[in-house]
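Visitor: What follows is a structure written as structure tokens; I'll ask about it next.
Derivation of every value follows stated rules applied to the coordinates shown; laboratory data play no part. On a predicted model such as this, the values are computed, not experimentally measured, just so you know. We place every Cβ from the backbone using ideal geometry, glycine too, and count neighbours over all the protein chains shown.
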Amino acid sequence: MRVGFIGLGNMGAPMVANLLKAGLAVIVFDINPAAVAAAVAGGAVAAGSAKDVAAQSGLVLTTLPSPRHVKQVYLAEDGILAGAGKDTVLVDCSTIDPQTARELVSAAAANGRQMVDAPISGGTLGAQAGTLTFMVGAEADLFARIEPVLKHMGKNIIHCGGPGSGQVVKICNNLLLAISMTGTSEVMALGARLGVDPKVLASAINTSSGRCFSSDTMNPWPGVSPNAPASHGYAPGGTAEIMLKDINLAVDAAREVKQPVMLGAASQQLYQMLIARGWGEKDLSAIIQLYRDQ
């Protein structure tokens with residue numbers, strides 16, 4: 001099977017690299033020529049459009065920034081649905097709202113194609129290491145069909161339920177990430193202000209009840225986690241802008257079902273403040289700057 005891949009950003013590029021390492025033939029497209037050139041240098045084949053990728057592939061994966069981009073890539077005249085064959089399986093790994101995901105699955109079905117929502121978690125470190133978590137919304141037989149390919153890029157392939165359920169799980173996960181990153185930033189800044197070595201504080205937290213991904217893997221204090229964006233000038237990772245997009249998806253979904261998300265709303269305001277201060281293109285862990293600037 002030839003695998004198509006559209007969207008070669010911070011997550012997509014290392015995912016393609018892992019598919020190539022596994023020996024798969026990969027056809028790529030992105031609006032960034034440099035990203036395409038890098039993938040081709042690694043062994044991928046470039047296509048001229050999303051339609052061309054789909055026409056040459058048995059399975060197409062997409063990692064795109066927002067619902068608007070996903071709709072464009074799938075539904076445009078030169079998009080995926082225009083080029084995909086009847087047996088081509090479509091897998092969107094972007095983080096979008098559940099309603100849009102279900103609409104796209106329906107649009108694909110109306111064209112005789114099968115589509116899956118399979119958003120990812122694990123950050124750029126997980127993408128590079130091939131240890132991502134895929135949260136898959138699909139019928140059981142379709143899940144079984146795509147799982148072997150996803151295992152080349154991820155460690156945990158979770159069947160969340162039917163169409164759209166992967167996105168439900170993902171926006172809940174990312175809302176928790178926003179809350180935990182904000183909380184970790186708050187306590188790291190407090191401990192430092194009170195005179196404790198941040199590395200000692202993090203070591204204690206990470207062997208105690210406060211441990212979480214934001215503290216032990218992506219700690220927002222520079223130098224605590226050597227591989228974390230905070231230790232590299234907050235180079236993303238996932239940007240604060242993307243984090244805010246994901247928070248907005250969760251808060252909007254909560255509003256639709258009248259579910260309170262008080263901590264989510266607080267995190268939403270904090271990320272908006274961070275972006276207003278010019279940190280939007282930096283990693284989401286830069287939220288600690290709101291506490292260090294005080």
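Visitor: ³J(HN,Hα) across segment 180-191 via Karplus (A = 6.51, B = -1.76, C = 1.60, θ = phi - 60°), whole Hz, x for Gly/Pro?
Guide: 5, 5, 5, x, 4, 4, 4, 6, 5, 5, 5, x
Visitor: Let me ask something additional. Helix 140-150 against the longest principal axis of the chain: what's the angle in degrees, Cα atoms only, rounded to the nearest 10?
Guide: Helix 140-150 and the main axis of the chain meet at about 70 degrees.
Visitor: Could you give the semi-axes, largest first, of the ellipsoid that matches segment 168-292, computed as the square roots of 5 times the alpha carbon gyration tensor eigenvalues and rounded to whole Å? Intermediate values should be presented prior to the final figure.
Guide: Numbers: eigenvalues 120, 49, 32 Å².
So the three semi-axes of segment 168-292 are 24, 16, 13 Å.
Visitor: Determine, at each q value in 0.10, 0.18 (inverse angstroms), the log₁₀ of I(q)/I(0) that the Debye formula gives when each Cα of segment 2-162 is one equal point scatterer.
Guide: For segment 2-162 at q = 0.10, 0.18 Å⁻¹, log10 I(q)/I(0) is -0.29, -1.06.
Visitor: Tell me, how many Å apart are the Cα centres for segment 1-63 and for segment 149-167?
Guide: One Cα centre to the other: 19 Å.
Visitor: For a quick protection proxy, order the peptides 114-125, 237-248 by their average other-Cβ count within 10 Å, most packed first. The partial results should precede the final answer.
Guide: On the way: 114-125: 24.0, 237-248: 22.2.
In decreasing order of mean packing, 114-125, 237-248 become 114-125, 237-248.
Visitor: Report, to the nearest 10°, how far helix 262-274 tilts away from the longest principal axis of the Cα atoms in the chain, using its own Cα long axis and a range of 0 to 90°.
Guide: With both axes taken from Cα atoms, the answer is about 90 degrees.
Visitor: Given the rule -39500 (n - 2.57) for each run of at least 4 DSSP H residues, summed and divided by the residues of the chain, what is its mean residue ellipticity at 222 nm, to the nearest 500 deg cm²/dmol?
Guide: -14500 deg cm²/dmol
Visitor: Out of residues 5 or more away from G161 or on other chains, whose amide H comes under 5 Å of its own, with H placed 1.01 Å from N in the peptide plane?
Guide: Answer set, sorted by chain and number: A138.
Visitor: Additional query: If each of V257 and H152 carries a label point 7 Å out from its Cα toward its Cβ, how far apart are those two points in nm?
Guide: Result for the modelled spin labels: 3.5 nm.
Visitor: Which is farthest toward the positive dipole end of the chain among M153, I179, C212, measuring Cα position about the Cα centre, with Cβ charges +1 (Lys, Arg) and -1 (Asp, Glu)?
Guide: Going by the charge dipole, the pick is C212.
Visitor: Please give the per residue volume of the convex hull enclosing the alpha carbon atoms of segment 7-48, rounded to a whole number of Å³. Intermediate results must be reported in sequence, preceding the final value.
Guide: Details: hull volume 2.2 nm³, N = 42.
Output value, Cα hull per residue: 52 Å³.
Visitor: I need the GluC sites (Glu not before Pro) found in segment 74-159, filtered to DSSP loop residues with at most 11 other beta carbons within 10 Å of theirs.
Guide: On the way: sites: E77, E103, E139; in loops: E77, E139.
Hits after loop and neighbour filter: E77.
Visitor: State the label only: which of (1) 17.5, 53; (2) 18.5, 53; (3) 19.4, 63 corresponds to Rg and Dmax of the Cα atoms in Å computed from the shown model?
Guide: The listed entry that was calculated here is (3).
Visitor: Give the average over all directions of the projected area of the C-alpha convex hull of segment 227-288, one decimal, in nm².
Guide: Over every viewing direction, the Cα hull of segment 227-288 projects on average to 4.2 nm².
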